[in-house]
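The values are calculated or read from the model by the stated rules, or taken from the named source; none is laboratory data. Treat the numbers as computed from the prediction; the structure is a model and nothing was measured. Positions of Cβ are backbone-derived with ideal geometry, glycine not excepted, and every protein chain shown enters the neighbour counts.
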Amino acid sequence: MIKRRGWSWFWFFLGALYFLVPLLGTFLFSLRGKRGALSFFAYSRVFADSQFLQTFSFSFKMALLTIVAGIALTLPTMIWVHLRLPKAKPILEACSLLPFVIPPIVLVFGLIRIYSGPPFALASSPLLLVAGYIVLSFPYIYRAIDAGLRSMDLRGLTEAAHSLGAGWGTILFRIVLPNMRVSLLSAVFLTFSIVIGELTLAVMLAWPAFGPYMALMGRDLAYEPAALAILSFLLTWGLIGLIQFASRGITGHSTGLGGTH
Amino acid sequence: MAFLEMKNLVKCFGAATAVENFSLEIREGEFMSFLGGSGCGKTTTLRMIAGFEQPTEGSIRIGGAEVSNLPANKRGVGMVFQNYALFPNMTVHKNIAFGLMVMGWKTADIEHRVEEMLALIHMEEFRERYPHQMSGGQQQRVALARALAPKPKILLLDEPLSALDAKIRTRLREEIRAIQRQMGITTVYVTHDQEEALSLSDRIVVMRAGKIEQVGTPFEIYNRPANAFVASFIGTLNILDAHVVDAQRGQLLVEGQEVMACGPVPSGQVKLSLRPEMLSLGTHPSNENQLRGQLSNVIFLGSIVRLVIGTGSREIFLDTFNTPKLELPSVGSPVSIGFPREACLVME
């Protein structure tokens, strides 16, 4: 037993080293921006660069649009499929895998080809970029929402609310969404992470996004890209922390006390 | 006058017919149970009343008004589900208040009604608990209070006790009946448990394969089953092949022995059904009939002792109370089964 526990700790530490050593190395490297001293010089240069804020705010806006449009499109569809068209689940499942199969470069050429001329001349609009981001983030939004819907008794809850006189709007905002808080936050943050770091679509559609900016920095500079990498890690961890914070106290519908009094 | 009226209800799912020509009238304040095995259409019928399923054919009227095409949230029908379906993100108080809030009640009225409901289910101290902080029985009581709070015209219960253990089930079923009587609400209760149906209901609908087999009071269903299915579905029953000797007088031949039933009976080959508790050991002046057999087993069931008696090709169950003075013949010894002619249910 003790031997087995020892091996568990060994693999745990090996895994931790695998992830933490490069991160620590990157962090230490990012502090060497000033010769002979450890400092946050590279970070201050990153923040001082107007392009950093410009590209980040652009990607941030695109991420917000993608999240709102992606969830508005996916959530009602999935509720409908779960309640009324369960046979369509495998089709949705297959669709959700397509972005993994079709490379972004193929996707973007397809988008440009279709949306460059009438009737949908959208090539110069950021909406096309948002549409592409929705496709890329669809597998993550789909899976997060699907997990949320599976974790609750959707049919029972909607029928109970209906029998109490509630319409669909009340059911969605008072029952379904509050019970999907964690999975929706997962969908939001995963989409945010994807959009913030996305490169191919932004480059090919020629938008000043954060992904291309990071790539440019990595090509031309040494310490600043390391600082950017650490910043993006902190951002991601911060978001995961927020998910944990938001999910406190949510324990599902198991009978915590056990028994049937 | 019928308060809930169903006329020629049909429900098809693709090629399969779940409910076929279901017609029933339920009086105001009546407690009606739908009883039957899995897939007999009882829950589908209940869901059609609730508005969760649209009838393929037929009509449903509540208080004289046609509701077949009304959505579930406009029918004014309260429903209690097998798995409670309490909103996990809301406390007991908010769960009960939900329907009232949706209907636009004033806050003070909502508070008053929630307190009333909590008192009704004796759960005032659980006001701020979440569903996951309560046991199954407690959750189902809250679900009942939630369904009753908006004062629905009809209360529907879909196997509400089947997820609970036996002791809680018995207690909760008494509570449900007491609350139903107190509020005088018309109630439809779906169950596959005959004991539940018999103990709760004013009337019972026994269903099989989407059709009604019999509608009657628990007493009628148990003592005067309409057919062999109802007879065998409700309680334990000895079913014996019999040949009618004199249909007018009710004279039968069972396992080569003569039995007198209440005539007239159908002629030819029939089924003779006997409830185990209607039979007694030995001879007694009130028992016109005697069947001879051999005691093959004794099964102890607590308050009841069941004797298994072989009569040629069949075995007959005989139930007797477990009293301190009970003396039983030894297994293998010949015994005589006595029963009055009123105990004989003769069916084609």
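Suppose we keep only residues that are of a type in the set (A, V, I, L, M, F, W, C) and in contact with an Asp or Glu (Cβ under 9 Å, 6 or more places away or on another chain) within region B:299-320. Which one would you say is surrounded by the fewest Cβ atoms within 10 Å (Cβ to Cβ)? Among them, the one singled out is B:Leu301. When region A:178-204 is limited to residues that are touching a residue at least 12 places away in the same chain (Cβ under 8 Å), out of contact with any Asp or Glu (no Cβ under 9 Å at 6 or more places or on another chain) and within 14 Å of chain B (Cβ to nearest Cβ), the one that is farthest from A:Met214 (Cα to Cα) turns out to be A:Asn179.
Kindly list, by first and then second residue, each pair from a residue in region B:213-235 that is more than 22 Å from B:Gln269 (Cα to Cα) and assigned by TED's automatic domain parsing to the domain that holds B:Val270 to a residue that is modelled with pLDDT of 90 or more and surrounded by fewer than 16 Cβ atoms within 10 Å (Cβ to Cβ), limited to pairs with Cβ atoms under 7 Å and residues at least 6 apart or on different chains. Close Cβ pairs satisfying both conditions: none exist. Give the residue that is nearest to B:Gly312 (Cα to Cα), with candidates limited to residues of region B:209-237 that are out of contact with any Phe, Trp or Tyr (no Cβ under 6 Å at 6 or more places or on another chain) and in a strand (DSSP E or B). Filtering region B:209-237 for residues that are out of contact with any Phe, Trp or Tyr (no Cβ under 6 Å at 6 or more places or on another chain) and in a strand (DSSP E or B), the one nearest to B:Gly312 (Cα to Cα) comes out as B:Gln214. Picking from residues in region B:81-124 that are within 9 Å of another protein chain (Cβ to nearest Cβ) and under 28 Å from the mean Cα position of the chain (by Cα), the one that is farthest from B:Val10 (Cα to Cα) is B:Leu86.
State yes or no: is B:Gly293 closer than 26 Å to B:Tyr222 by Cβ, out of contact with any helix residue (DSSP H, G or I) (no Cβ under 7 Å at 6 or more places or on another chain), of a type outside the set (A, V, I, L, M, F, W, C) and not in a loop (DSSP other than H, G, I, E, B)? Judged against the criteria, B:Gly293 is a match. Inclusion of B:Asp193 among residues that are under 30 Å from B:Gly29 (Cα atoms) and at pLDDT 95 or above is not warranted. Can you find a residue in region B:36-51 that is more than 20 Å from the chain's Cα centre (by Cα) and within 11 Å of another protein chain (Cβ to nearest Cβ)? Checked region B:36-51: at least one residue is more than 20 Å from the chain's Cα centre (by Cα) and within 11 Å of another protein chain (Cβ to nearest Cβ). Considering A:Val135, A:Val101, the condition of being among the β-branched types (Val, Ile, Thr) and either surrounded by fewer than 12 Cβ atoms within 10 Å (Cβ to Cβ) or at pLDDT below 90 (or both) is satisfied by A:Val101 alone.
Of everything in region A:75-128 that's in a helix (DSSP H, G or I) and among the polar types (S, T, N, Q), which residue is nearest to B:Phe13 (Cα to Cα)? Out of the qualifying residues, it is A:Thr77. Within region B:125-154, being more than 10 Å from chain A (Cβ to nearest Cβ) and either touching a residue at least 60 places away in the same chain (Cβ under 8 Å) or among the β-branched types (Val, Ile, Thr) (or both) holds for B:Val142, B:Leu144, B:Leu148, B:Lys153, B:Ile154. If we scan region B:105-125, do we find a residue that is of a type outside the set (Ser, Thr, Tyr) and closer than 27 Å to B:Glu5 by Cα? No, every residue in region B:105-125 fails to be of a type outside the set (Ser, Thr, Tyr) and closer than 27 Å to B:Glu5 by Cα.
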